[in-house]
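Report on the following structure.
The values are calculated or read from the model by the stated rules, or taken from the named source; none is laboratory data. No experiment lies behind these values; they were computed from the predicted model shown. Heads up: the accessible areas ignore ligands, DNA and RNA and are worked out on the full protein's heavy atoms, side chains in. Shrake-Rupley method; radii C 1.70, N 1.55, O 1.52, S 1.80 Å.
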Amino acid sequence: MLKMTWDYNAYATELPELFRDVFTASEGKEEGAVISALVSDLLETTDRDDLHGAIAHDGPQLLGCILFSRLRFDQDPRQVFLMSPVAVRTDRQKAGIGQRLIAFGLGELRRDKVDFVVTYGDPNYYGKTGFFPISEKVAQAPLPLSHPHGWLGQSLTGAEMAPFKASSHCVSAFNKPELW
């Protein structure tokens, strides 16, 4: 039976392998290694207040995970998180787990009074869960985007989207140009 939890720590040792397997299957061995290393780096170097994780599981079996890391904007008091990376086991994809996991994670962030979430990915997929394309005039990415059409955002408060003040800063694990 599919269950969701906001406690990624119980599955932390399995997460790099999950992301490696999923991204290797979809994007190739090199991308699998890059994303696995990113997840390990996020788990090892990111302050607990700056990293959250939504987990889908069936008992002890890990089915999927989304990590959310803090994104800070100079001179802007709003709380913002970056939703990335996202993975669902390849043998469990196309069953709605990813969308349910996103909805669960966003609900937990709303409860934690987060104002806005950004992600960098496929607008067609993430659009199904309320994300919409944003320009860097609204929310500047921490590093230059190689695919600006994939810069997406979602307000969690229902407030009108006012541009964020000044530049943004991601957690150290994401502070690598090749990830953007």
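Against the globular-protein guess of 2.2 N^0.38 Å, express the Cα radius of gyration of segment 22-180 as a ratio, rounded to two decimals.
On the way: Rg = 15.1 Å, N = 159, 2.2 N^0.38 = 15.1 Å.
Ratio of Rg to 2.2 N^0.38 Å for segment 22-180: 1.00.
Restricting attention to the alpha-carbon atoms of segment 38-83, what are Rg (one decimal) and Dmax (integer), both in Å?
Here Rg and the maximum Cα pair distance are 13.0, 43 Å.
From the Cα trace of segment 58-102, what convex hull volume per residue do you get, rounded to a whole Å³? Each step should come with its number before you reach the end.
Numbers: hull volume 3.9 nm³, N = 45.
Roughly 86 Å³ of hull volume per residue.
Where only protein heavy atoms count, and the probe is 1.4 Å, what is the accessible area per residue for the chain in Å²?
On a per-residue basis, 50 Å².
In whole percent, and with a 1.4 Å probe on the protein chains, what portion of the accessible area of the chain is carbon and sulfur?
Details: 4520 of 9060 Å².
Heavy-atom surface of the chain belonging to carbon and sulfur, 1.4 Å probe: 50 percent.
Rg/Rh for segment 97-180: what does it come to with C-alpha atoms and Rh from Kirkwood?
Result: Rg/Rh = 0.95.
Write down the Å³ per residue value for the convex hull defined by the alpha carbon atoms of segment 139-179.
Roughly 94 Å³ of hull volume per residue.
Please go through the residue pairs LYS3/LYS128; LYS113/LYS165; LYS29/LYS137; LYS3/LYS137; LYS113/LYS137; LYS29/LYS94 and name each one whose alpha carbons sit more than 29 Å apart in this structure.
Beyond 29 Å: LYS29/LYS137; LYS3/LYS137.
So for segment 46-126, Kirkwood radius off the Cα pairs, Stokes-Einstein at 20 °C and 1.002 mPa s: how many µm² s⁻¹?
Values: Rh = 13.5 Å.
Reported coefficient: 159 µm²/s.
At 20 °C and 1.002 mPa s, what whole-number value in µm²/s does Stokes-Einstein give for the translational diffusion of segment 1-85, with Rh from the Kirkwood sum over Cα pairs?
It diffuses with D of about 157 µm²/s by this estimate.
Expressed in whole Å with the largest first, what are the equivalent ellipsoid semi-axes of segment 1-46 derived from the C-alpha gyration tensor as the square root of 5 times each eigenvalue?
20, 15, 6
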